[in-house]
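So the structure is just underneath, and the comments pick up after that.
The values are calculated or read from the model by the stated rules, or taken from the named source; none is laboratory data. From a predicted model like this one, the values you see are computed outputs, not experimental measurements. Neighbour counts are summed over all protein chains in view; Cβ atoms, including those assigned to glycine, are modelled from backbone coordinates with ideal geometry. SASA here: full protein model, heavy atoms, side chains in, ligands and nucleic acids out. Shrake-Rupley method; radii C 1.70, N 1.55, O 1.52, S 1.80 Å.
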Amino acid sequence: MGSDLKKFVNPKFLKTIDLGLIKELFARHFEPKDVPIDFDGEDSAVRSALAKHFEAAVTAWNEGMVADLHRVADLGSNEGMQIILNEARRQGVVLYPDPEPDEKESAPARHDPKHVALHTYLHHKSVFEAAADFHALRTPTALAEFRGPERDVSADLTPEIIDAFKVAAMKLFARDLQGEYCRLGPYEEDGEINLVVSHGAPVATTPVVDGDQEKIIPLRAVKYATLRYSPVEARLFIGGVVKAQQVDLAEIFAKHVLGRPGFFSGKDARDLYTLDPISEAGPDFAFDHRYDDRILDVRIVAAAADHFEWDEDEAKWRYVRTWESKDATGALRHFKGSEVQFDKGWRLGEISFRAFFKSEGKRPAQVTVKLKPPGTLAFRRTRFEKAVHTLIARHGLEKDRDAGMVVDAAE
């Protein structure tokens, strides 16, 4: 975390940032008489003082400022700036309503992503908070996935429903000693319900310099829990939450948002994926992507096979060992001629594959996906998310929920 902040508050940043913004940031955390920088001096002197101030270890910086800078740094990139601009456009907010002298320049410094993020944080808080929520929705790569027993289960995000969910979520996080701070951002996009819950992280103690002494202070950072729900598929994705809280948070969503307690607690709610089609095809399996012109290639770059033996005494299969293969040109081929035989106690436990998509740049866009049954599908959520899910479903790697429902009905 410290090294990330040092990269953000680097010499180039301090040489070009609007000193008025930095002055505002310091004013948020220091009494006027305690501000460690004299902002009334010459620009060069102020910037030199800032450089010297931020040369100290991050643990010596003002703890409130550290928290602010972490939040700004999260959106201080080209991707983050685009999210900010999109949200400002959605809210009808003009980030810089008053033109400045440097506006005539072809590349004014204040249009740098880091500067835009800090300006928005200080001057347009509602835009920044919403942008931070959308950034959090796209950040998690390993999402916990839950599937309801029926499709087309919608929800209406009324103020009462949102408040009830927020109170229940806050109690969940507070129970695990994560404090009682809780902010909820509800959004509906492309037919999906998105909820971003900002809450406290567990307390961490950090040594800081206080004059000529060292003291220990407690810090509680802000974390983001994200929930995405597709009413058509009745599928819920949860990110940014420890495994022990995922089932409870899914139940809170089912109870308060859907009005359907237990909706995600069925035996098949998390039994979503299978690698059986690959095991049956063996080392010669290959993804067929010809149905989608955007996909240039799909390669399985890692695979792990688990060996089980039947235990007569306990009358169950017992795990023995794992055989792993990693190869950017094709990992399955190394199973040929090896001890791995999928019809003799071996089971394909997980794979990672890389999909290459056409892009506007010189190189193809790449998405690396980890698939581990029964419920793990991990990859960076990009504009190719639906294409990845379609690829998996077309090859029988996603279990057919409707087929299971027909069997249940027959029984």
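Please find, among Asp311, Asp327, the residue that is open to solvent by less than 50 Å² (accessible area, probe 1.4 Å) and without any contact (Cβ under 8 Å) to a residue 12 or more places away in the chain.
Numbers: Asp327 fails: without any contact (Cβ under 8 Å) to a residue 12 or more places away in the chain.
From the options Asp311, Asp327, the qualifying one is Asp311.
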Restricting region 344-361 to residues that are in a strand (DSSP E or B) and in contact with a Pro (Cβ under 7 Å, 6 or more places away or on another chain), which is most open to solvent (accessible area, probe 1.4 Å)? Phe356
His119 vs. criteria modelled with pLDDT of 75 or more, surrounded by 14 or more Cβ atoms within 10 Å (Cβ to Cβ) and not aliphatic (A, V, I, L, M): yes
I want to confirm something. Restricting to region 254-290 and keeping residues that are touching a helix residue (DSSP H, G or I) at 6+ places or on another chain (Cβ under 6 Å) and under 20 Å from Val369 (Cα atoms), which single residue is surrounded by the fewest Cβ atoms within 10 Å (Cβ to Cβ)? Phe285
Within region 362-381, tally of residues that are farther than 30 Å from Arg321 by Cα and open to solvent by 50 Å² or more (accessible area, probe 1.4 Å): 4
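With the requirement that a residue be open to solvent by less than 10 Å² (accessible area, probe 1.4 Å) and in contact with a strand residue (DSSP E or B) (Cβ under 7 Å, 6 or more places away or on another chain), what does region 220-253 give you? Can you show your working first?
Here is the first cut: in region 220-253, the ones open to solvent by less than 10 Å² (accessible area, probe 1.4 Å) are 225-227, 229, 234, 236, 238-239, 245, 249-250, 253.
Those that are open to solvent by less than 10 Å² (accessible area, probe 1.4 Å) and in contact with a strand residue (DSSP E or B) (Cβ under 7 Å, 6 or more places away or on another chain): Ala225, Thr226, Leu227, Tyr229, Ala234, Leu236, Ile238, Gly239, Leu249, Ala250, Phe253.
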Just a yes or no: is a residue in region 71-78 modelled with pLDDT of 85 or more, in a helix (DSSP H, G or I) and under 32 Å from the mean Cα position of the chain (by Cα)? yes
Just checking, how many residues over region 177-188 are at pLDDT below 75 and either open to solvent by 70 Å² or more (accessible area, probe 1.4 Å) or part of a loop (DSSP other than H, G, I, E, B) (or both)? 5
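Can you confirm whether region 336-343 contains a residue that is of a type in the set (Gly, Ala, Ser), modelled with pLDDT of 90 or more and open to solvent by 40 Å² or more (accessible area, probe 1.4 Å)? Please lay out each step first, then the result.
If we filter region 336-343 for residues that are of a type in the set (Gly, Ala, Ser), which is where we start, we get 337-338.
Pick out the ones that are also modelled with pLDDT of 90 or more and you get none.
No, because not a single residue in region 336-343 is of a type in the set (Gly, Ala, Ser), modelled with pLDDT of 90 or more and open to solvent by 40 Å² or more (accessible area, probe 1.4 Å).
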